[in-house]
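Encoded as structure tokens, the structure appears first; notes follow it.
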Amino acid sequence: GLGEVSHAVSESSRYKFEILQALIENHGVSTIFFEIPYSKGLKVNEYVQGTPNSQAIKGLLGPLDTKEVHDLIEFLKDLNDRRRRGGGVPVSFIGIDVKPDQDLWDRVAAAVPHSDQNAKKAQADSQ
């Protein structure tokens, strides 16, 4: 993993971007993981896989909402566009923070019949 001492430090974010770019382009890495909620990672991944609306990812990254991280996301989107045209493997972006968020609870409630009350109770218990 490529951690950092503090979130949103420009220099370390730039170095991580360069390392990730090298791993993706030269060593076949096809999935990267970021410390953001899983449900928000799904939205970023939809964007890097080809959803054209960059507004869909605004405000999702919390303390990681920096120019360097947005540069990485745009790099992934452009790379995936090129790879799709050339038959290459796209790179996925996955959120790995398991803290519950409202979007995740809404998805659970929508997916499981009669789960709304149980989801609300679990959400309240987790806070």
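The values are calculated or read from the model by the stated rules, or taken from the named source; none is laboratory data. In this text the structure is predicted, and so the values were computed from the model without any measurement. Cβ: placed from backbone, ideal geometry, glycine included. Neighbour counts: every protein chain shown. Just the protein is used for accessible areas: all its heavy atoms, side chains included, with ligands, DNA and RNA removed. Shrake-Rupley method; radii C 1.70, N 1.55, O 1.52, S 1.80 Å.
Right, Phe17: closer than 21 Å to Arg107 by Cα, touching a residue at least 12 places away in the same chain (Cβ under 8 Å) and open to solvent by less than 60 Å² (accessible area, probe 1.4 Å) or not?
On the way: closer than 21 Å to Arg107 by Cα: no; touching a residue at least 12 places away in the same chain (Cβ under 8 Å): yes; open to solvent by less than 60 Å² (accessible area, probe 1.4 Å): yes.
Answer is no for this residue.
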If I filter segment 25-82 down to residues being polar (S, T, N, Q) and not in a helix (DSSP H, G or I), which single residue comes out as nearest to Ile96 (Cα to Cα)?
Thr31
Close pairs from segment 23-51: first at positive phi and free of Cβ contacts under 8 Å to residues at least 60 places away in the same chain, partner crowded, with 17+ Cβ neighbours inside 10 Å and not basic (Lys, Arg), Cβ under 9 Å, at least 6 apart:
Gly50/Asn80; Gly50/Pro90
If Gln55 passes every condition in (1) modelled with pLDDT of 70 or more; (2) polar (S, T, N, Q); (3) touching a helix residue (DSSP H, G or I) at 6+ places or on another chain (Cβ under 9 Å) but one, which one does it miss?
(3)
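Report yes if Pro37 is at pLDDT below 90 and open to solvent by less than 50 Å² (accessible area, probe 1.4 Å), otherwise no.
Values: at pLDDT below 90: yes; open to solvent by less than 50 Å² (accessible area, probe 1.4 Å): yes.
The answer is yes for Pro37.
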